[in-house]
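Some notes on the structure that comes next.
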Amino acid sequence: MLRVCWLLAVHLLFLSILSAQTTIYVVRHADRAPGNDDPPINETGQQRAKALARFLTDAPLTAIYVTEAVRTQQTAAPTAATHHLRPVIVDAKDTTSLMRRIRQEVPAGKSALVVGHRATVPVIVQALGGGAVPPLGSSEVDRLTAVTCWPDGRCALQSFRYGPE
């Protein structure tokens with residue numbers, strides 16, 4: 001009987017640790033149209049944004065963070081609609097405030113999406129505990145990086161490719 005209780009306790013502890021992991025998905029904005037300082041995403045970008053929403057359909061998202069740039073907001077829009085969330089606009093240059101918000105607003109066991117820019121995605125991934133990642137290429141808009149962290153501070157990094165079919 002004691003052995004059964006011990007095994008049950010270990011099993012429950014394992015489940016509680018797994019349920020306490022937090023995953024932050026970080027992407028660069030989708031394909032943008034040529035033009036001004038704040039161009040929208042183009043048709044391919046719209047398809048990529050929809051593909052992102054499909055990819056994250058089952059993720060337990062509780063927050064979405066975008067920058068003031070319209071292309072980040074448009075990239076996040078389909079995912080926000082799927083999850084019934086309103087994206088939070090953050091300053092693209094203030095990674096420290098973004099990290100503070102994520103730590104305060106994303107509960108253990110839940111997830112968030114961050115849509116950034118070519119220069120900010122590697123900085124955000126590293127600040128989340130994912131370590132150094134290769135810089136994004138000038139036309140690289142299909143990399144999704146998932147940083148999963150456990151309560152003991154350990155983090156794991158996974159990279160995926162996503163996009164229109």
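Values as computed for the structure displayed
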| quantity | calculated |
| --- | --- |
| Trp150 versus Glu105: modelled label distance in nm, points set 7 Å from Cα along the beta carbon direction | 2.8 |
| Gained length - Ala81 relative to Thr57, 0.36 nm times residue gap less alpha-carbon distance | 7.6 nm |
| Tilt relative to the chain, helix 2-19 - C-alpha long axis, 0 to 90 degrees, to 10 | 10 |
| For peptides 33-43, 87-97, sequence by mean Cβ density within 10 Å, most packed first | 87-97, 33-43 |
| Among 48-59, 133-144, the order from most to least packed when residues are scored by Cβ within 10 Å on average | 48-59, 133-144 |
| Interatomic Cα distance distribution for segment 63-141, bins of 5 angstrom, percent | 3, 15, 25, 26, 21, 9, 1 |
| Where Rh is the Kirkwood radius over Cα pairs, Rg/Rh for segment 104-165 | 0.97 |
| Degrees, to the nearest 10: 95-105 long Cα axis against longest axis of the chain | 40 |
| Stokes-Einstein diffusion coefficient of the chain, Kirkwood radius over Cα pairs, 20 °C, 1.002 mPa s, in µm²/s | 129 |
| Förster radius 25 Å - calculated FRET efficiency between Val70 and Thr96, Cβ distance, rounded to 0.05 | 0.55 |
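Each reported figure results from applying straightforward, stated rules to the coordinates on display, with no laboratory input. In this text, all values refer to a predicted model and were calculated from it rather than measured experimentally. So basically every Cβ, Gly included, is an ideal-geometry build from the backbone, and we count neighbours across all protein chains shown.
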